[in-house]
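Have a look at the structure below, then the notes.
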Amino acid sequence: MLILGIESSCDETAAALVEIKNEKIKIISNVVSSQIKIHQQYGGVVPEIAARCHIEKILPVIIEALGGNEKKKIDCIAVTIGPGLITSLLVGIETARTLAYLWNKPIIGVNHLEGHIVSVLLNQNKGISNFKSQISKQTQNVKLKIQKNIFPAMALLVSGGHTELILIKDILKYKKIGQTRDDAAGEAFDKVAKLLNLDYPGGPIIAANAAIKIKNQKSKIKNDYFLNNKIKFPRPMINSNDFDFSFSGLKTAVFYQLKKDVDWNKKIPEYCYEFQQAVVDVLTHKTFKAIEKYKVKTFFLSGGVAANQELRKQFELKSKKCKIKFFVPPKNFCTDNAAMIAVAGYFNALAKKYTPWQKLKPDSNLELGV
Ligand code: KG4
Ligand code: ZN
């Protein structure tokens, strides 16, 4: 099955051509046009600007993803219908509807969260291309890891908009068992970065600063502030009797600590390290509590925050210790892309979950497994 994936839920305009045959995923192209540079000057995504950028980029991105490939051979178009920014979603959806009508192809409306979950099946770094760079001629050839013995599985989805624990009983069978009550983990990274006068998106910059601290710690640098004056942040809801999360209080704790620390800008790696570790502690503790309770066989880590090296490392160590299979996508498939939307489209196409183009609509608050 040859699928054209389209993604425009937030600030990445993306298209991918994915072929799935004999249980093998072949990523023919995966094009992402990021708006990060544009939103950076505002310290976050401006929805109106995001939608205008999607309109500008969507056709060039799709044309680049199609390359010289015959559109006649495409079996279906998979497009993100939510959750996300309504005006951004509309650009991808209207484009998909138009192409479906023109080319007479079926459409699958994909839940963005399901896209992140199946991104764990994309396990190689090849075949990715940024918009306007040459499409890599190398393609991915990945054996689909869908084997019967991986379910039930637990997924932790950590992105800029979501922090959710989802129990996957079988393919396409989801049950949400926990979520954030306020800020998402990625949102907290972005907001704390703003407090520290760092750029948007905050996740990768906080991670890079925390890594300086970790390196210093390993080489036992004597004048390290953190070794002498420990900055300590709370681990919100770590012992609560449910699987929910809360990160807005952690952000407030950083705010008040900065307010009383006149030298804070000399200790950015220490602040980043302690904040990151607080998030990692809460996420790992609660996820493994859920893994134990639901007796799952596999753990999926996905979403933009799953690109965080420390989070990946600590989940990998814990999974090994608990003898549980651990699936995580390569870093470039953690953040928004259309290959994951095409793969989610594939599973929905197998279940014949098509939507006539006339009925395809965005749903900015679309949920998974409720
Ligand atoms: O999945 P994604 O691309 O978009 C949403 O669906 O929200 O996730 C974007 C989020 C941002 O909040 C960004 O700061 C965070 O993922 N992120 C990271 C890292 N890379 C991206 N957070 C922590 N560490 C990272 N290395
Ligand atoms: Zn996302």
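The values are calculated or read from the model by the stated rules, or taken from the named source; none is laboratory data. Bear in mind the structure is a predicted one, so any value in this text is a computation, not a measurement. Neighbour counts run over all protein chains shown; Cβ positions are idealised from the backbone, glycine included. Note: accessible area is taken over every heavy atom of the protein model, side chains too, but ligands, DNA and RNA are not part of it. Shrake-Rupley method; radii C 1.70, N 1.55, O 1.52, S 1.80 Å.
Tally Lys and Arg at +1 and Asp and Glu at -1 over the other residues with C-beta under 12 Å from the C-beta of LYS194: what net charge comes out?
-1
Where does the charge balance sit around ASN337 when Lys and Arg score +1, Asp and Glu -1, over other residues with C-beta under 13 Å from its C-beta?
-3
Quick one: net charge around ARG181, please, counting Lys, Arg +1 and Asp, Glu -1 for every other residue with C-beta under 14 Å from its C-beta. List each step's numbers first, then the result.
Working: positive: LYS176, LYS251, LYS286; negative: GLU164, ASP182, ASP183, GLU187, ASP242, ASP244.
Charge balance near ARG181 sits at -3.
Using Cα pairs under 8 angstrom and six or more residues apart, how large is the relative contact order of the chain, in percent? Mind showing how you got there, number by number?
Details: 791 pairs, mean separation 97.2, N = 370.
So the answer I get is 26 percent.
Using only the heavy atoms of the protein chains and a 1.4 Å probe, how would LYS361, LYS213, LYS297 rank by accessible area, largest first?
Accessible-area ranking of LYS361, LYS213, LYS297, largest first: LYS361, LYS297, LYS213.
Strictly greater than 19 Å: what percent of every Cα pair in the stretch 1-128 meets that?
Numbers: 3831 of 8128 pairs.
The share of Cα pairs beyond 19 Å in the stretch 1-128 comes to 47 percent.
For the chain, find the longest principal axis of its Cα atoms and tell me its angle to the long axis of helix 339-350, 0 to 90°, nearest 10.
Once rounded, one gets 50 degrees.
Keeping every protein chain present and rolling a 1.4 Å probe, give me the accessible area per residue for the stretch 152-296 in Å².
46
Which entries in LYS24/LYS73; LYS37/LYS359; LYS191/LYS213; LYS218/LYS266; LYS218/LYS325 show an alpha-carbon gap greater than 23 Å? Write out the running numbers ahead of the final one.
On the way: LYS24/LYS73 18 Å; LYS37/LYS359 35 Å; LYS191/LYS213 20 Å; LYS218/LYS266 20 Å; LYS218/LYS325 29 Å.
Among LYS24/LYS73; LYS37/LYS359; LYS191/LYS213; LYS218/LYS266; LYS218/LYS325, the Cα-Cα distance tops 23 Å for LYS37/LYS359; LYS218/LYS325.
Express in nm, to one decimal, how much length is gained between TRP103 and LYS297 on full extension, taking 0.36 nm for each residue of separation and deducting their alpha carbon distance.
Stretched out fully, the TRP103 to LYS297 stretch lengthens by 65.6 nm.
Magnitude of the Cβ-charge dipole of the chain, K/R +1 and D/E -1, about the Cα centre, nearest 20 debye?
1420
Bin width 10 Å, origin at 0, all Cα-Cα pairs of the stretch 152-296: what percent of pairs per bin?
Once binned at 10 Å, the Cα pair distances of the stretch 152-296 give 11, 38, 30, 16, 4, 0.
If every alpha-carbon in the chain counts as one equal scatterer, what log10 I(q)/I(0) does Debye give at q = 0.06 1/Å?
Values returned for q = 0.06 Å⁻¹ are -0.22.
Show me the ranking of peptides 256-268, 74-86 by mean Cβ neighbours inside 10 Å, starting with the highest.
The most tightly packed comes first, giving 74-86, 256-268.
Loop-only check: which trypsin sites (Lys or Arg not before Pro) in the stretch 312-348 are DSSP coil with at most 16 other Cβ within 10 angstrom?
LYS323
Just the number, please: carbon plus sulfur as a percent of the accessible area of the chain, 1.4 Å probe, no ligands or DNA/RNA counted.
53
Order LEU90, LEU102, LEU59 by their accessible area, 1.4 angstrom probe, all chains in place, largest first.
Values: LEU90 65, LEU102 120, LEU59 95 Å².
The residues order as LEU102, LEU59, LEU90, largest area first.
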